[in-house]
Amino acid sequence: QRLKAAVHYTVGCLCQEVEEDKDVQFSKQSIAAISEITFRQCEIFAKDLEMFARHAKRTTVNTEDVKLLARRSNSLLKYITQKSEELASSNMEQKEKKKKKSSAAKGGRTPGEQEAAMTENEDSNMA
C-alpha cells in the first residue's frame, strides 16, 4: 500500500509538471488511472526481470536482464546501456583507487612501481 501511495504521489507530481509546461489539466480520476496502470506495469516488469534471471539460471537480476526488458524502446535501451557503462567505469575507477591505497599501505609501492622494480631485478640478474 505504501508503494502504491508513493507511485500515486510521484505520478501526481509529474502530472503537475506537465500541467505547468503544456497548459493542460489532469483530473483526479485520470491521475489515479495513470498511477494504477504504472503500478501494474511495474509489477509486470518485475516478474519479467525475475523470469529472465531464472531462465539464465541466476537468482539475481542484472543489467543484461534490464536491457532485455527495454529492448523494444530504442531510446530507453540506449539510455540504460549508457548509464550501465558509466556505472561500470565508475566502479572500476573506485576499485583501482582501493588497490592503490592498499598496496601503498602494505609495501609503499604502486603496482607500476612494483613492476619496474621486478624488471630492474631481472635486468641485474641477466648481467
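The values are calculated or read from the model by the stated rules, or taken from the named source; none is laboratory data. It should be emphasised that the depicted structure is a prediction, and the values quoted were computed from it without experimental measurement. All Cβ positions, glycine included, derive from the backbone under ideal geometry; neighbour counts span all protein chains shown. Remember, those area values only see protein heavy atoms, side chains included, never the ligands or the DNA or RNA. Shrake-Rupley method; radii C 1.70, N 1.55, O 1.52, S 1.80 Å.
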One residue is enough: does the stretch 30-41 have a residue meeting the conditions part of a loop (DSSP other than H, G, I, E, B), open to solvent by 50 Å² or more (accessible area, probe 1.4 Å) and either aliphatic (A, V, I, L, M) or over 25 Å from LEU87 (Cβ atoms) (or both)? no
What number of residues in the stretch 12-62 are among the small types (Gly, Ala, Ser) and either within 19 Å of ARG2 (Cβ to Cβ) or touching a residue at least 60 places away in the same chain (Cβ under 8 Å) (or both)? 4
Residue selected from the stretch 72-90 under the condition assigned to a helix (DSSP H, G or I) and basic (Lys, Arg), by the criterion farthest from the chain's Cα centre (by Cα): LYS78
